[in-house]
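Student: Encoded as structure tokens, here's the structure I'll be asking about.
Please treat every number below as a calculation from the coordinates, not as lab data. Predicted, not measured: the structure shown is a model, and the values here were computed from it. Backbone-built Cβ (ideal geometry, glycine too); neighbour counts: all protein chains shown.
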Protein chains: 2
Amino acid sequence: MKEVTLKQIAENLGISITTVSKALKNYSDVSKKTKALVKEEAKKLHYKPNVFAVNLRTKESKTVGLIVPEIVHHFFSSVINGIVEEAERKGYLVIILQSNESYKLERKQVDLLISKRVDGIMISLANDTVDTSHLLEAMEHDIPLVMFDKISKLVKCSKIIINDRQAAYNATKHLIDSGCKNIAHFRGALLPQNSIDRFLGYKKALEDHGLKYDSSLVYMCERVDYEDGRRAAEQLIKDAKKVDGIFAITDMAAVGAMTVFKEHGIKVPEDISVMGFSNWFLSQAITPALSTINQPGYEMGRGTFKLLRKEMKAKKAGIPFEPQTKVLETFVVKRESTK
Amino acid sequence: MKEVTLKQIAENLGISITTVSKALKNYSDVSKKTKALVKEEAKKLHYKPNVFAVNLRTKESKTVGLIVPEIVHHFFSSVINGIVEEAERKGYLVIILQSNESYKLERKQVDLLISKRVDGIMISLANDTVDTSHLLEAMEHDIPLVMFDKISKLVKCSKIIINDRQAAYNATKHLIDSGCKNIAHFRGALLPQNSIDRFLGYKKALEDHGLKYDSSLVYMCERVDYEDGRRAAEQLIKDAKKVDGIFAITDMAAVGAMTVFKEHGIKVPEDISVMGFSNWFLSQAITPALSTINQPGYEMGRGTFKLLRKEMKAKKAGIPFEPQTKVLETFVVKRESTK
DNA sequence: TTGATATCCGAAAACGTTTTCGATAATTTT
DNA sequence: AAAATTATCGAAAACGTTTTCGGATATCAA
């Protein structure tokens, strides 16, 4: 039971490999009759082109790489679904890699993708990525690159993001509009752009509405997860801060905080309002349901691949490509954790 | 700026392609001196072998495929981490695909992996997979296959699982030992083997301890998620069943049930004990913390790839391989949701 | 010196496809 | 009928690597 190749088909039909190849690809210089013959024989033998040979010959793998900090996160898994769906429709396979929020690993993953000769790379940066030489390396290899969500402004490539600053502004404004006077912020790590932007949006909203910014009301949630939210909330309680609203950088952190409040008999939203960010699928399931900012992961995923595709096509056609940045809309989702 | 190839190096050094290739792979029939020269030149030019050519020549891709029902689930993401880590250490890239619990998509993904000529496939079955012809097809293509967690007994390949029946038995017994007399079960879909096994373990535990099995206490959670848990719990309350313990097939379902109880003023574990399954990372975070069964996802992942590797090596060496089944240990994690 | 034995190197085939370009046969035009 | 055009096919090169096998040179024993 040997591998079935073009050669095999050609021999069976007594014609040349060339003709078989062209027949299967509907070249105009092969007759209807032989086309039919070839296709029939191919079907009969269950012919599948050897992708290794095709890759070598065409110099493309019909494969793209995707690097995310963590696969588990609901937001990223939405993005993944969007990317994969769009990619599949265009005949591309996507290789999903994790950086585990580590610059070192991220670098390694990029190198891996380069060595596997993917046709393009999509990436959302790790928290501690400041050096972007690995991305430049990819671009030097002439591999189209697009960044999404957690981007670096220093890299000249296509990007797709939300307006984190504006979204955070809106989230904070929602708290203010509902009557909060002393609003704390659970912020993310120092480096990531969106962590910075959300902080700035929070600050700006306070200032625009006559509330003065108090740096002692900003708590650090390094990993922006449930535990971080708990810790920050406990610290806030210990500090005995007079706070009637919290804008957390993440739904997970917000939920962590809310469970701590519950344990301490602090009522949400009566005693304190809580605002999350992302619209995690469980945030509408918990009690009280969490108010949050909707972050369109699926759409971002689709958009990411579409941008990449545009660039891949331009590259193949040999025409220059100008990187573009797309900004997606977010909106406030009012639920029970805010008044 | 041309691609750097063996030919390039050979020309620069005035030697043959053959020698360059052999030097880089430390063949014994090339002198120390030329080896050094070649390696130096290769490093200088940043030579990276063209993986397309290597694939074609060696007939292997150093790539394996992985199909899971859903990437987001914590359990599967643990498995993924285990697999990826082990694979990476052995120089393999893993292509992660989702079946979305759909047989049709699963089939398509398997075909995709075959057409991409992966060196091996790891799979956890979708809920509605009963026909296994796509897996046989993979095996006919001589692609090593191993199944994990959600397996089919009909396929003759290596498997790595937990003893779902025993684990469910232990979970139920834990409820019984803590004094529960009327224990309900939130079961999964009808087809999956582990859904069946967990149900059987539950039933057996009841019978072994003098509690009679009551089929009206078994509620269906088709998708075994949070919402299913809520629905089942609400139905249970509406049915006014006298129940003092629940064994849910999944932590998510258990958490869903617990929130419903909380909303109805039913105390856990005072009024009703709740037992989950999987040891989801949030199950220790919620209040009350959920008692559950620890399901070793990471270890399962590592074991899965190790089994696959064994078979891939055997295949390469041309020696026959006898499929093996490995059963991983689970244990009860007692927290606050049971007495 | 001769023959034997290591030691080192390279020619060439092979992997399976795609694509260029020229050749032949069939058809049309003049 | 000759010339021009069209339709159909195939030879061959190319992609970049790996590996077999034989050839050349150097080293050694006789």
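Student: When each copy gets a label point 7 Å from Cα toward the beta-carbon at residue B:85, what are the spacings between them in nm, shortest first?
Tutor: When each copy's label point is compared with this one, the spacings are 3.3 nm.
Student: From the residues A:80, A:61, A:126, which one has its Cα farthest along the dipole of the stretch A:24-126 in the positive direction, the dipole being from +1 and -1 charges on Cβ of Lys/Arg and Asp/Glu about the Cα centre?
Tutor: It is A:61, whose Cα lies furthest towards the positive end.
Student: Taking each residue in B:49-55, count the Cβ atoms of any other chain within 10 Å of its Cβ, then average. What number comes out?
Tutor: Counting other chains' Cβ atoms within 10 Å and averaging over B:49-55 gives 6.
Student: Another question about this same structure. Of A:39/B:59; B:2/B:39; A:108/B:32; A:150/B:116, which pairs sit farther than 21 Å apart, going by alpha carbon to alpha carbon?
Tutor: Those over the limit are A:39/B:59; A:108/B:32; A:150/B:116.
Student: Tell me, what HN-Hα J-couplings in whole Hz come from the Karplus equation 6.51 cos²θ - 1.76 cosθ + 1.60 at θ = phi - 60° for each residue of the stretch B:304-314, using x for Gly and Pro?
Tutor: Result, ordered by residue: 4, 5, 4, 4, 4, 4, 3, 6, 5, 5, 4 Hz.
Student: What's the average, rounded to a whole number, of partner chain beta-carbon atoms within 10 Å of each residue's beta-carbon in B:65-73?
Tutor: Partner-chain Cβ atoms within 10 Å, mean over residues of B:65-73: 3.
Student: Pull up all non-local amide H partners of residue B:246: gap of 5 or more, or a different chain, and H-to-H distance under 5 Å with H placed in the peptide plane.
Tutor: Those lying under 5 Å, H to H, from residue B:246 are B:184, B:273, B:274, B:275.
Student: Label-point separation (nm) for residue B:200 and residue B:325, each offset 7 Å from Cα along Cα-to-Cβ?
Tutor: About 1.0 nm separates the two model spin labels.
Student: Distance between Cα centroids, the stretch A:165-204 to the stretch B:65-116: provide it in whole Å.
Tutor: Distance between centres, Cα-based: 38 Å.
Student: Oh, and also: Local charge sum around residue A:98 (other residues, Cβ-Cβ under 14 Å, Lys/Arg +1, Asp/Glu -1)?
Tutor: Charge balance in the 14 Å sphere: -1.
Student: For the protein assembly as shown, what is the charge dipole size about the Cα centre, in debye to the nearest 20, if Lys and Arg each add +1 at the Cβ and Asp and Glu each add -1 at the Cβ?
Tutor: Roughly 2540 debye for the protein assembly as shown.
Student: What does the convex hull of the Cα atoms come to per residue for the stretch B:78-224, in Å³?
Tutor: Numbers: hull volume 18.0 nm³, N = 147.
Convex hull of Cα atoms, per residue: 122 Å³.
Student: On to the next question. When you count, for each residue, the other Cβ atoms within 10 Å and take the mean per peptide, how do A:285-295, A:263-273, B:162-172 rank with the highest first?
Tutor: My ranking of the peptides, most packed first, is B:162-172, A:285-295, A:263-273.
Student: May I pose another question? Could you work out how much longer the chain between residue B:284 and residue B:240 gets when fully extended? Use 0.36 nm per residue separation minus the Cα distance between them, nm to one decimal.
Tutor: That works out to 12.9 nm of additional length.
Student: Now for a separate question. So how long is each side of the stretch B:15-69 along the principal axes, counting just the alpha-carbon atoms, biggest first, in Å?
Tutor: The principal-axis extents, from largest down, are 53, 23, 16 Å.
Student: Could you please rank A:275, B:147, placing first whichever residue has the fewest other Cβ atoms within 10 Å of its Cβ?
Tutor: Lowest count first: B:147, A:275.
Student: I've got another one for you. Quick one: label points 7 angstrom along Cα→Cβ at residue A:281, distances to the other copies in nm, smallest first?
Tutor: 1.6
Student: Please state the charge dipole magnitude for the stretch B:164-294, taken about the Cα centre, from unit charges on C-beta atoms (+1 on K and R, -1 on D and E), reported in debye and rounded to the nearest 20.
Tutor: Charge dipole of the stretch B:164-294: 200 debye, to the nearest 20.
Student: Can I ask one more? Can you tell me the 0 to 90 degree angle between the C-alpha axis of helix A:103-115 and the longest principal axis of chain A, rounded to 10?
Tutor: 10 degrees
Student: Also, quick follow-up: Given 4 °C and 1.567 mPa s, how large is the Stokes-Einstein diffusion coefficient of the stretch A:152-212 in µm²/s, with Rh as the Kirkwood radius over Cα pairs?
Tutor: Details: Rh = 12.4 Å.
Answer, rounded: 105 µm²/s.
Student: Could you tell me the relative contact order of the stretch B:6-49? Use alpha-carbon pairs under 8 Å, at least six residues apart, and round to a whole percent.
Tutor: After rounding, I find 34 percent.
Student: Another question about this same structure. What does the copy distance list look like for residue B:239, label position 7 Å along Cα→Cβ, in nm and ordered from shortest?
Tutor: The projected label point of residue B:239 is separated from its counterparts by 4.9 nm.
Student: A follow-up question, please. Please compute one quarter of the surface area of the Cα convex hull for the protein assembly as shown and express it in square nanometres.
Tutor: It is 35.5 nm².
Student: Still on this model: Treating the Cα atoms of the stretch B:226-275 as identical point scatterers in vacuum, please give the log10 of the normalised Debye intensity I(q)/I(0) at q = 0.16, 0.22, 0.30 Å⁻¹, two decimals.
Tutor: Result of the Debye calculation: -0.34, -0.68, -1.31.
Student: Grab every C-alpha pair in chain B, bin the distances at 10 angstrom width from 0 up to the longest one, and report whole percents.
Tutor: Spelled out bin by bin, chain B gives 5, 23, 24, 18, 13, 7, 6, 3, 0 percent.
Student: For the stretch A:164-294, what is the relative contact order in percent, using Cα pairs closer than 8 Å and at least 6 residues apart in sequence?
Tutor: This gives 25 percent for the stretch A:164-294.
Student: A follow-up question, please. Return the equivalent ellipsoid semi-axes of the stretch A:164-294 as a descending list in whole Å, where each equals the square root of 5 times an eigenvalue of the C-alpha gyration tensor.
Tutor: Gyration-tensor ellipsoid for the stretch A:164-294: 19, 16, 15 Å.
Student: Moving on to the next point. Mind listing which trypsin sites (Lys or Arg not before Pro) in the stretch A:3-82 are in a DSSP loop and have 15 or fewer other Cβ atoms within 10 Å?
Tutor: Answer in residue order: A:25, A:59.
Student: To continue, here is another question. With an 8 Å Cα cut-off and a minimum separation of 6 or more residues, compute the relative contact order for chain A in percent.
Tutor: For chain A, the relative contact order is 17 percent.
Student: Could you give me the ³J(HN,Hα) list for the stretch A:199-206, computed from phi with Karplus coefficients 6.51, -1.76, 1.60 and θ = phi - 60°, whole Hz, x at Gly and Pro?
Tutor: Each residue's phi maps through the Karplus curve to give 4, 5, x, 4, 5, 4, 4, 4 Hz.
Student: If you don't mind, there's one more thing I want to ask. Can you give the FRET efficiency for residue A:32 and residue A:141, using 1/(1 + (r/R0)^6), R0 = 30 Å, r = Cβ-Cβ distance, to the nearest 0.05?
Tutor: FRET efficiency, residue A:32 to residue A:141: 0.10.
Student: Among the lysines, select those whose C-alpha is under 28 Å from the C-alpha of residue B:238, and discard any that sit fewer than 8 residues away in the same chain.
Tutor: A:262, B:173, B:181, B:203, B:204, B:212, B:262, B:267, B:339
Student: With the cut-off at 21 Å, report for the stretch A:255-327 the share of all Cα pairs above it, as a whole percent.
Tutor: 51 percent
Student: Near the amide H of residue B:291, under 5 Å away, which other amide H atoms are found, from residues 5 or more places off or on another chain, if H is placed in the peptide plane?
Tutor: B:276, B:335, B:336, B:337, B:338
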